[in-house]
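Heads up, the thing below is written out as structure tokens.
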Amino acid sequence: MHIKIKILFIFFILFFIFALPVAASEIQQITFVVGQPSYLVNDQIKPMDAATFIENNRTYVPVRYLGEALNARINWNQKTKMVMLYLNNNRVDLNIGSKIITVNGQTNQMDVAPVLKNNRTYLPARPIAEAFFFKVKWEKEGSKVVVFPPEKPAETNVLSETTGNSKENESEETTLELKISEENSLTKATVTAFQQINYKILKLTAPDRLIIDIQDIRPGNLPPMVIVNFEVVSQVRVGWFNRNPDITRLVFDLNKRAFYRSCLSEDKKTLTVEIFTPKPGEEKLVVLDPGHGGSEPGAVGPTGLKEKDVNLDVAKRVKEILASQNIKTELTREGDNYVGLYERSGMANNLDAGLFVSIHMNAHKNRDANGTSVFYYCYYNEQKAEEIVRQEKSKELADITQQNLLNLLGLKDRGVQQANFAVVRTINMPAILVEAAFISNYAEENLLTQEYFRQKIAQAIAQGITDFIITQKA
Ligand SMILES: [Zn+2]
């Protein structure tokens, strides 16, 4: 389905190509050795008034010296216990005791927080170094953290250096051109190269971003970051992600979960990517069906957790996530009440819903049984064309939802399975039944008592739904 756009106003930002003299980076590698009050830049010893140490299997380096070694500018706010590092056009913010790292305004979760010891801030090198496109290697032998510079030489202050323009450099460099504009709330990015473009595109969450890897082409003189502050896209980061073969990576930082469509021009030298969120009312209704309820508790876990309560909580969380993406939902029950199976599918049919997702937790008398599965209905001898298509689409929705559940929950993959459940059979739209985890299993029941885990299930289901919707648009 194509989105009709009335052009109200257009932001149009053009990035012209500046040919720059390529300043050779002097840093080949930076080495921190555990226990040593010094570090190495290439072979040069630099003293520190602190030492690298290991705690909980993590190697902590003094942030100040790591920053210095990377040539980053560092600010420290004593009051807020905040460390800010700046390099080229990138900025990294850290807080003592907090696992949040903010890279160019986008927050991300680290697995450990910076610690303060004897007035020095320490952190594993990786999150900071990688934020600045450096690479980090742990060498077990010799207990060394080795940091390698980005393969693209550091460029600072692009505009002021354009006077160093040289025709020779210009012709040697494979260049890319990036244009990005917004029409209504749809972001349109155009990447043009002087050769055919081969690319891969990948959507990531937490935080939401879209990654485009362009094969065999260097970033040329694209700026490392373009801040646009559009409704959906906040900024684009450009990196020379790999060398031999060259890969240019464009990271679109998103303000919200979005859909995208990518398409090459006829000569394959221009890639157009459109990033957008659905308009209200544009998507068909999604009916969420929290299994069981009222007099019917569903399965009950070893410590007494009731499936009906988990199902309802997860369904409400899915509803909230989808609402933030302008996708309308209805629940087959809003509270702890009994609803019959045919009533559930009948409700979705009457509402002329576009999708139906029944939410359950699995159970087995063998308490070792565990894992994630998604069910759909398929009848081998189906005659009605419409119903054949519906069953096929149910399978697609099941596959994509199972994949998201596995990615986010990390539980055992019990696969996408066929089942003759009434709710997914007596229904007119693509329908699945999710069994996210085993409430009868001690470990998984314990997970299901926890909010963060229910939220993860909800995120996975919501993402399955949005991913399915976008595949239907493609
Ligand atoms: Zn159930």
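Among the residues of the stretch 216-226, those identified as open to solvent by less than 40 Å² (accessible area, probe 1.4 Å) and touching a Ser or Thr at 6+ places or on another chain (Cβ under 9 Å) are ILE217, PRO219, GLY220, ASN221, LEU222. Those residues that are of a type in the set (A, V, I, L, M, F, W, C) and either at pLDDT 95 or above or not in a helix (DSSP H, G or I) (or both), I need them from the stretch 410-423; list them, please. Result: LEU411, VAL416, ALA419, PHE421.
Considering the conditions (1) assigned to a helix (DSSP H, G or I); (2) over 15 Å from THR205 (Cβ atoms), SER440 is excluded by exactly one of them, (1). Checked against (1) at negative phi; (2) surrounded by fewer than 22 Cβ atoms within 10 Å (Cβ to Cβ), ASN326 meets all criteria but (1). Among the residues examined, LYS203 does not qualify as surrounded by fewer than 19 Cβ atoms within 10 Å (Cβ to Cβ) and either part of a strand (DSSP E or B) or more than 21 Å from the chain's Cα centre (by Cα) (or both). Restricting THR449, THR466, THR426 to those that are touching a Ser or Thr at 6+ places or on another chain (Cβ under 6 Å), of a type in the set (Val, Ile, Thr) and away from the ligand (no atom under 16 Å from the Cβ) reduces the list to THR426. Scanning the stretch 340-354 for residues that are within 16 Å of the ligand (Cβ to nearest atom) and surrounded by 19 or more Cβ atoms within 10 Å (Cβ to Cβ) yields ARG344, SER345. Being within 14 Å of the ligand (Cβ to nearest atom) and over 29 Å from the mean Cα position of the chain (by Cα): is that true of VAL434 here? No: the conditions fail for VAL434.
Exactly one residue out of LYS384, LYS365 is open to solvent by 50 Å² or more (accessible area, probe 1.4 Å) and more than 26 Å from ILE439 (Cβ to Cβ): that is LYS384.
Only residues that are open to solvent by 70 Å² or more (accessible area, probe 1.4 Å), within 20 Å of GLY291 (Cβ to Cβ) and free of Cβ contacts under 8 Å to residues at least 60 places away in the same chain were counted across the stretch 395-422, and they come to 3. Would you check if there is a residue in the stretch 252-259 being farther than 26 Å from ILE321 by Cα, touching a Phe, Trp or Tyr at 6+ places or on another chain (Cβ under 9 Å) and open to solvent by 50 Å² or more (accessible area, probe 1.4 Å)? No.
The values are calculated or read from the model by the stated rules, or taken from the named source; none is laboratory data. No experiment lies behind these values; they were computed from the predicted model shown. Glycine gets a Cβ as well: all are built from the backbone with ideal geometry, and neighbour counts include every protein chain shown. When the accessible area is computed, the model is the full protein with side chains, heavy atoms only, and any ligands, DNA or RNA have been set aside. Shrake-Rupley method; radii C 1.70, N 1.55, O 1.52, S 1.80 Å.
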